[in-house]
1. Scan region 317-332 and tell me whether some residue there is surrounded by 15 or more Cβ atoms within 10 Å (Cβ to Cβ), modelled with pLDDT of 95 or more and in a helix (DSSP H, G or I).
2. When you go through Ala147, Ala158 one by one, which is the residue that is at pLDDT 95 or above, of a type in the set (Gly, Ala, Ser) and not in a strand (DSSP E or B)?
3. Among Lys41, Lys24, which is the only one that is surrounded by fewer than 17 Cβ atoms within 10 Å (Cβ to Cβ) and either on the phi > 0 side of the Ramachandran plot or outside the structural domain of Ala83 (by TED's automatic domain parsing) (or both)?
4. Could you list all residues from region 5-59 that are of a type in the set (A, V, I, L, M) and touching an Asp or Glu at 6+ places or on another chain (Cβ under 7 Å)?
5. Limited to region 73-95, what total is found for residues that are touching a strand residue (DSSP E or B) at 6+ places or on another chain (Cβ under 9 Å) and touching a residue at least 40 places away in the same chain (Cβ under 8 Å)?
6. With (1) of a type outside the set (D, E, K, R); (2) within 12 Å of the chain's Cα centre (by Cα); (3) within 25 Å of Glu59 (Cβ to Cβ); (4) not in a helix (DSSP H, G or I) as the list, and Leu124 as the residue in question, which single condition is left unmet?
7. From the list Ile168, Ile164, which residue is within 30 Å of Glu59 (Cβ to Cβ), out of contact with any Phe, Trp or Tyr (no Cβ under 9 Å at 6 or more places or on another chain) and modelled with pLDDT of 95 or more?
8. Note down all Cβ pairs under 9 Å where the first residue falls in region 52-67 and is under 17 Å from Gly84 (Cα atoms), the second is small (Gly, Ala, Ser) and surrounded by fewer than 20 Cβ atoms within 10 Å (Cβ to Cβ), and they're at least six residues apart or on different chains.
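The values are calculated or read from the model by the stated rules, or taken from the named source; none is laboratory data. What you are looking at is a predicted structure, and each value in this text was computed from that prediction instead of being measured. For neighbour counting, all protein chains shown are included, and Cβ atoms are generated from backbone atoms with ideal geometry for every residue, glycine included.
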Amino acid sequence: MNPIINNDDTVQLQELTQNAYAKKIPLRIFGSDTKSFYGNKIQGHPLCLVNHVGIVDYEPAELVLTARAGTKLREIEALLHSAGQMLAFEPPYFGEEATWGGTVACGFSGPRRPYAGALRDSILGVRMINGKGEQLRFGGKVIKNVAGYDASRLMAGALGTLGILLDISVKVIPRPQLEMTLVLEQTPEEAITYMNTLAGGPVPLSAAAYVDGQVLIRLSGTQAAVQAAAVKISGQEHEPSSSFWQQLKEHSHPFFSTETPLWRLSLLPGSPMLKIPGDWMLDWGGAQRWLKTNEPANLIRDAVQAAGGHATLFRQGELKDQQMKDGENTPVFHPLSKPLASVHEKLKTAFDPEYILNRNQLYT
């Protein structure tokens with residue numbers, strides 16, 4: 001399939017990076033900046049990839065798509081939709097101008113993630129520029145590519161700290177024939193048990209969440225499979241089926257309309273509710289939990305770590321203003337254990353020896 005747009009400015013991007021490496025100038029890599037709220041504050045010479053655009057390759061029969069980093073996510077999803085296909089990980093935009101590179105760099109996955117795989121599970125290969133200005137290629141453009149260490153998937157969620165993404169290849173999936181959302185009234189504890197029970201059964205489950213005393217279950221698949229599962233679950237149908245999941249994915253649901261700090265907690269899906277004061281929303285069948293609270297960061301992280309998880313300060317809200325007054329800074333990401341910190345440091349040094357790429361965005 002011919003590219004719909006084709007603007008490859010790799011040479012220019014390489015030259016800029018090589019110059020920054022030689023002079024040890026930090027770079028701030030970004031696309032449309034729709035997710036600039038996320039991560040620790042960084043400073044550096046701006047390096048924008050919004051003009052590095054194009055669908056490099058797309059063959060619907062092969063279920064593989066390759067696009068350049070600056071390509072708009074909406075253009076990619078529109079192209080897939082026209083062929084009856086979709087991205088398995090249901091990525092959030094957080095802004096109409098969201099780019100392909102920013103989507104991958106942030107590593108965000110939507111409500112479908114536990115049942116269809118995370119963003120990193122879809123990545124087949126990347127072409128990138130490291131911190132020395134060298135062009136590297138990892139993985140490939142075919143699903144059965146297992147040669148060597150899968151370094152391409154390290155780029156998902158790395159926030160540009162390991163390299164400047166140029167092209168990313170992913171596998172895609174067919175769109176389901178039918179989707180239906182069912183609603184049931186339950187307590188949080190009942191919802192956790194119920195969502196995990198469904199996930200272990202023969203049900204075409206594609207999303208499960210809990211908020212405001214209601215558990216919402218999305219079914220996706222063939223018409224016969226969805227309708228049979230709906231009879232078994234016997235909840236009230238939510239219309240339109242996609243509206244709640246769109247609001248959850250894009251944080252446009254009323255739950256997220258607040259200046260209270262918003263935490264994203266990653267836990268085992270069957271973990272009991274943590275006794276942290278605040279307002280809760282559960283996603284991913286209980287594996288991803290959103291918490292609005294003014295409780296101290298150390299209290300939250302200690303409780304989550306004791307439960308075997310980790311906590312990310314997703315949006316700082318009022319906390320950011322208070323920190324500016326106090327001259328303090330609460331780390332966005334959960335502190336690493338010494339072994340993990342050592343792995344992070346070795347990877348960073350291997351890809352970016354002068355630490356010029358999005359310095360401090362993940363860890364100082």
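1. No, region 317-332 contains no residue that is surrounded by 15 or more Cβ atoms within 10 Å (Cβ to Cβ), modelled with pLDDT of 95 or more and in a helix (DSSP H, G or I).
2. On the way: Ala147 fails: at pLDDT 95 or above.
Just one listed residue meets the conditions, Ala158.
3. Working: Lys41 fails: either on the phi > 0 side of the Ramachandran plot or outside the structural domain of Ala83 (by TED's automatic domain parsing) (or both).
Answer to the check: Lys24.
4. Residues of region 5-59 of a type in the set (A, V, I, L, M): 5, 11, 13, 16, 20, 22, 25, 27, 29, 42, 47, 49-50, 53, 55-56.
Hit for region 5-59 is Val56, nothing else.
5. 9
6. The one condition Leu124 does not meet is (2).
7. Working: Ile168 fails: out of contact with any Phe, Trp or Tyr (no Cβ under 9 Å at 6 or more places or on another chain).
Only one candidate passes the filter, namely Ile164.
8. From region 52-67, the pairs are Tyr58/Ala83; Pro60/Ala83; Pro60/Gly84.
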